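Enquirer: Sharing a structure, written as structure tokens. Questions coming.
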Amino acid sequence: MLGDPVVQVKTPTAFQAWASAERRDIVMIPMRVAPSDLPATLTALRGWQNCCGAVVTYPHKQAVAAKLDGATAAVSLVGACNVVRRLPDGRLLGGMTDGIGFVRALSQNGFDPAGRDVQVVGAGGAGSAIALALIEAGAGRLVLSDRNAELAHRITSQLKASFPERRILTARPEDFDCAMACNATPVGMNGDPAHPLRLEDLPEHCFVADIVPEPPLTSWLRAAKDRGHAIQTGPDMVKAQLPAVVEHLDL
């Protein structure tokens, strides 16, 4: 697993539980790799003959996507990758499972985005993939916001080009009835008390989700729960997307 930092990651633990249950002789190693060292690490991965691939986390998802030999349609659309399969000849094939896992977790937690107004805060690798998956799941109107307004506009433009019939926005219209709000940013990581979005601006019935893996219950989620909102944690998404990761790695 490639990231910087990696102290917060939950995927290796979930993966090892799967490997143990399936009696598979395979391990996932968290590797803290600085952005400047990523190219050399990917070169090493190509030649690592008993390695089947890698899971990719912050901040490398976009950088890895630019260095692949092949990619799924989701990677091509959002420009980010979170799982890489190493083919026997050393070529790297990228996939993106964050959105799949997020929507599967929503279903497991009793929320259906079809026809609903939803908002994703954060247009990076995970946020853009989640936005795509929500659109594919039939979300009514989707607002994708980011402190980098140029990034949010670029991703929404790409999504609109592929889904011209859908309402994809960068700001809430006045009649927006937010049924689900997702934090797809690092805000809240490792005990950060900041909130990515004001809970006071959300309807009482709004489902509140966070993709931050550590702590599982961020300050934002804890406050949302105290206000009576149904919630979804980062580890919920990690667990739900594991089958898709295993499938992409062809294990």
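The values are calculated or read from the model by the stated rules, or taken from the named source; none is laboratory data. What you are looking at is a predicted structure, and each value in this text was computed from that prediction instead of being measured. Positions of Cβ are generated from backbone atoms using ideal geometry, with glycine treated the same way; all protein chains shown enter the neighbour counts. Heads up: the accessible areas ignore ligands, DNA and RNA and are worked out on the full protein's heavy atoms, side chains in. Shrake-Rupley method; radii C 1.70, N 1.55, O 1.52, S 1.80 Å.
Enquirer: Could you give me the percent of Cα pairs per 10 Å distance bin for the range 1-59, shortest bin first, beginning at zero and ending with the bin that holds the maximum distance?
Expert: Going out from 0 Å in 10 Å bins, the range 1-59 shows 22, 49, 27, 2 percent.
Enquirer: Turning to a different aspect of this structure: Please report the orientation-averaged projected area of the range 1-122, defined via the convex hull of its C-alpha atoms, in nm².
Expert: On the way: hull surface 35.9 nm².
Directional mean of the projected Cα hull area for the range 1-122 stands at 9.0 nm².
Enquirer: Now for a separate question. State to the nearest 20 debye the size of the charge dipole of the chain about its Cα centre, where the only charges are +1 on K and R beta carbons and -1 on D and E beta carbons.
Expert: 460 debye
Enquirer: In nm, give the distance between the simple-model label positions of ALA34 and ARG166, each being 7 Å from the Cα along the Cα-to-Cβ direction.
Expert: My value for the distance between the label points is 3.9 nm.
Enquirer: Still on this model: List the extent of the Cα atoms of the chain along each of their three principal axes, largest first, rounded to whole Å.
Expert: Sorted from largest, the Cα extents of the chain read 55, 37, 32 Å.
Enquirer: While we're looking at this one, here's another question. Taking only the C-alpha atoms, wrap a convex hull around the range 50-194 and report its volume per residue in Å³ as a whole number.
Expert: Taking the convex hull of the Cα positions in the range 50-194, it is 130 Å³ per residue.
Enquirer: Continuing with this model, one more query. Run the 1.4 Å probe and let me know the accessible area of SER128, rounded to the nearest 10 Å².
Expert: Result for SER128: roughly 0 Å² accessible.
Enquirer: Same structure again: Taking the 0 to 90 degree range and rounding to the nearest ten, how far is the long axis of helix 11-21 tilted relative to the main principal axis of the chain, both from C-alpha atoms?
Expert: The angle comes out at about 60 degrees.
Enquirer: In percent, what relative contact order does the chain have, based on Cα pairs under 8 Å that are 6 or more apart in sequence?
Expert: 18 percent
Enquirer: Oh, and also: When the accessible area of the range 5-46 is split by element with a 1.4 Å probe, what percent falls to carbon and sulfur?
Expert: 55 percent
Enquirer: Here's another thing I want to ask about it. Compare the Cα positions of PRO215, ALA244, LEU202 along the charge dipole of the range 170-251 (+1 at Cβ of Lys, Arg; -1 at Cβ of Asp, Glu; about the Cα centre) and return the one farthest towards the positive end.
Expert: PRO215
Enquirer: Using only Cα atoms and rounding to the nearest 10 degrees, what angle (0 to 90) does helix 98-108 make with the longest principal axis of the chain?
Expert: 60 degrees
Enquirer: Using 1/(1 + (r/R0)^6) with R0 = 41 angstrom and r between the beta carbons of ALA73 and PHE176, what's the FRET efficiency to the nearest 0.05? Numbers along the way, then the final one.
Expert: Values: r = 29 Å, r/R0 = 0.70.
It comes to 0.90.
Enquirer: Accessible area per residue for the chain in Å², computed with a 1.4 Å probe and the full protein assembly in place, what is it?
Expert: On the way: 11600 Å² over 251 residues.
Accessible surface, normalised per residue, equals 46 Å².
Enquirer: Also, I was wondering about something else. Heavy-atom accessible area of PHE163 with all protein chains present, probe 1.4 Å, nearest 10 Å²?
Expert: 40 Å²
Enquirer: Which of these, ALA184, ALA74, ALA21, has the largest mean-square fluctuation under a Gaussian network model of the chain (Cα springs below 10 Å)?
Expert: ALA21
Enquirer: What FRET efficiency do you get for LEU217 and ASP112 if R0 is 35 Å and r is their Cβ-Cβ distance, rounded to the nearest 0.05?
Expert: With R0 = 35 Å, the Cβ-Cβ based efficiency is 0.90.
Enquirer: Of the DSSP beta bridges with both residues in the chain, give the percent that are antiparallel, rounding to the nearest 5.
Expert: Bridges in the chain that DSSP calls antiparallel: roughly 25 percent.
Enquirer: Counting pairs on different chains as well as pairs 8 or more places apart, how many Lys pairs in the chain have Cα atoms under 28 Å apart?
Expert: Lysine pairs, 8 or more places apart or on different chains, close enough: 9.
Enquirer: Can you work out D for the range 155-213 in µm² s⁻¹ from Stokes-Einstein, where Rh is the Kirkwood radius over C-alpha pairs, the temperature is 10 °C and the viscosity is 1.306 mPa s?
Expert: Rounded, D is 118 µm²/s.
Enquirer: Continuing with this model, one more query. Helix 149-162 sits at what angle to the longest principal axis of the chain, using alpha carbons and giving 0 to 90 degrees rounded to 10?
Expert: Helix 149-162 sits roughly 80 degrees off the main axis of the chain.
Enquirer: Show ARG227, ARG166 ordered by accessible area, largest first, where the area counts protein heavy atoms only and the probe is 1.4 Å.
Expert: ARG227, ARG166
Enquirer: Could you check how many percent of all C-alpha pairs in the range 145-251 are farther apart than 20 Å?
Expert: The proportion of pairs with Cα distances above 20 Å equals 52 percent.
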